Amino acid sequence: MVPRRPCRQIAVGDARTGVVRIGGGLPDAAGRPTDPAPVSVQTMTTGPTHDIAGCVAEINRLHAAGADIVRVAVPERKDTEALREILAQTRVPIVADVHFHFRRALEAVEAGVHKIRLNPGNIQDRGEVNAVIDACRARGIPIRVGVNEGSIVERKDKQKRVRELAAVLGEQRHGALLAIMIAKLEEYLDLFRERDFHDVCLSAKSMDAGLVIDAYSEIARRFDLPLHLGVTHAGPKETGCVRSVAALGALLAQGIGDTIRISYASDAAYEVQDGLELLYALGLRPRVGVDLIACPTCGRIQVDLISLVQDVRAALAQKVRLPMKVAVMGCVVNGPGEAEGADVAVFAGDRRGILYVQGERVANVPEEEILPRLLDECLKFQERVERGEARLGEKSVNIVPPDPIGAPGSGWEKIAAGRVERRHAPASLTVDGTPPHDARLPAR
Ligand code: SF4
């Protein structure tokens, strides 16, 4: 991983919510050095903001899922009127997402919101932008200037609209959209510079992962402001995950990006979960909870490992706080090697599992006992670590692979024949809604 791109730093939140810093590496306004803050994870509520109880419940649920910052839509006056009560009942920095009506921004600032998002595509009047800048300055609130492919083409100025439409509908769509995004950001930021307001972060989102990479790479070169990364309109979780990770992963791996929002047409908790997992995978955030590795299974499998992995994941997410590495492996081919690298591991054989804790073999159990025994070993290990009797990642044992504990290659036939209890993985885990076992086995 290359070093993070240095930029200005903004702060979102207050004493009650805690302050989330975004960006860093350049001196602050007083000339004091700043370090790059950890990359934060944002999401957005999906219900109406004026439904105070529903909005509070959703914000608190997303905060509990790990969101560092939560954004809410404020399309109407009744939404900004609800903010004061929502802020009183939540403990995570809140961003008001403002489009079309600059007064919603002023009302949100007045209500005590922690950050404003403005869209240069639909709030352009200099006097209106200046009013928002002045209100935010008075309260010490940052502003995200976010251009978005879906609202970037000019709508008011007819001549400009014709020119921009001709460009984006032409053969050079990618380059034209990139040029319009950058030009609009530059134009808009001139207003902020004229008012000597630098408490700003930037975003330039598209549904096209390649365009997102190019747009952020370009604005990273041109501006010294922190960047909010996102792929907009990425689709449902099942496909949006790949689209988002392709773009955000490429940028983050180059040191570009200070806060991220993954956008799904699904429960927003998935956005948080996958955003955190992306940062963990890239080593950009210390992991909270289990680092679960599992083999993809193959023709050697002799237990229902896919269901087992899902059960292990769900159970450990509830009960394990430490970033312990847990390996769930299908057979002796790679099981011993992964067990050596894990804090707690199981590798399976002929309807049995052999369990290891930091390289030490602790059990050999029938398939139906693998899950409870693995959980038990994880919890006991967690307690030992918390008492200072063991340390994560500390292993000194080389595992000598035992003789295969069953004849390889017969696992799926055994499951099909009912010799192993068949448990379905959740349908949401598959790309087409078909449980994976049904795709591979005849119905019983
Ligand atoms: S660990 Fe064994 S069962 Fe799993 S994919 Fe590798 S060879 Fe196949």
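Computed from Cα atoms, the angle from the helix 173-194 axis to the main principal axis of the chain rounds to 60 degrees. Per-residue packing, averaged as other Cβ atoms within 10 Å, sorts the ranges 267-279, 374-386 into the order 267-279, 374-386, beginning with the highest. Please list, or write none, the lysines whose alpha carbon is within less than 23 Å of the alpha carbon of K78, excluding same-chain residues fewer than 8 places away. Of all the lysines, those that pass the test against K78 - Cα under 23 Å, at least 8 places apart if same chain - are K115. Placing dummy labels 7 Å off each Cα toward the beta-carbon, the span from R84 to A265 is 3.8 nm. Each peptide in 252-263, 361-372, 329-340, 133-144 receives the mean, over its residues, of other Cβ atoms within 10 Å, and ordering these scores from highest gives 252-263, 329-340, 133-144, 361-372.
Listed by chain and number, the aspartates and glutamates whose alpha-carbon sits under 17 Å from that of K184, ignoring those within fewer than 8 places in the same chain, are D125, E128, E149, E154, D157, E164, E194, D214, E218, D224.
For K325, a cut-off of 13 angstrom between C-alpha atoms picks up these aspartates and glutamates, skipping any fewer than 8 places away in its own chain: D291, E338, E340, D343, E377, E394.
What shape does region 1-146 take by its C-alpha gyration tensor, where a ≥ b ≥ c are the square roots of the eigenvalues and a/c under 1.5 counts as rounded, a/b above b/c as prolate, and the rest as oblate? Oblate, because a/c is 1.5 or more while a/b does not exceed b/c. Taking Cβ atoms as reference points and 15 Å as the exclusive limit, the residues near T34 contribute a net charge of 0, counting Lys and Arg as +1 and Asp and Glu as -1. For the chain, what does the helix formula give at 222 nm: sum of -39500 (n - 2.57) over DSSP H segments with n ≥ 4, over the residue count, nearest 500 deg cm²/dmol? When only DSSP H runs of four or more count, the value is -13000 deg cm²/dmol. Note on the chain: dipole from Cβ charges, positive end direction compared against P336, L106, P3; the farthest Cα belongs to L106.
If you line up the long axis of helix 158-168 against the longest principal axis of the chain, both from Cα atoms, how many degrees apart are they, to the nearest 10? For 158-168 against the chain, the angle is about 30 degrees. Between K205 and V147, N148, E149, the built amide H atoms are under 5 Å apart, and every one of these is 5 or more places off in sequence or on another chain. Around the amide H of D291, modelled in the peptide plane, lie the amide H atoms of M324, K325, V326, all under 5 Å away and 5 or more residues distant in sequence or on another chain.
Taking every alpha-carbon pair under 8 Å whose residues sit at least 6 apart, the chain reaches a relative contact order of 12 percent. Rounding to the nearest 10 and keeping the result within 0 to 90°, find how far the Cα-based axis of helix 367-386 lies from the longest principal axis of the chain. That works out to roughly 60 degrees. Dipole magnitude for the chain: computed about the Cα centre from +1 point charges on Lys and Arg Cβ and -1 point charges on Asp and Glu Cβ, it is near 420 debye.
Based on the alpha-carbon gyration tensor of the chain and its eigenvalue square roots a ≥ b ≥ c, which shape applies: rounded if a/c is under 1.5, prolate if not and a/b is larger than b/c, or oblate? It comes out prolate by the Cα gyration axes. On the beta carbon distance between C298 and R193, with R0 = 45 Å, the FRET formula returns roughly 0.20.
Dividing the mean sequence gap of close Cα pairs (under 8 Å, 6+ apart) by how many residues region 156-279 holds gives a relative contact order of 19 percent.
Values in this text are rule-based calculations from the coordinates and carry no lab data. These numbers were taken from a predicted model, which means no experiment stands behind them. Cβ atoms come from the backbone with ideal geometry, glycine included; neighbour counts cover every protein chain shown.
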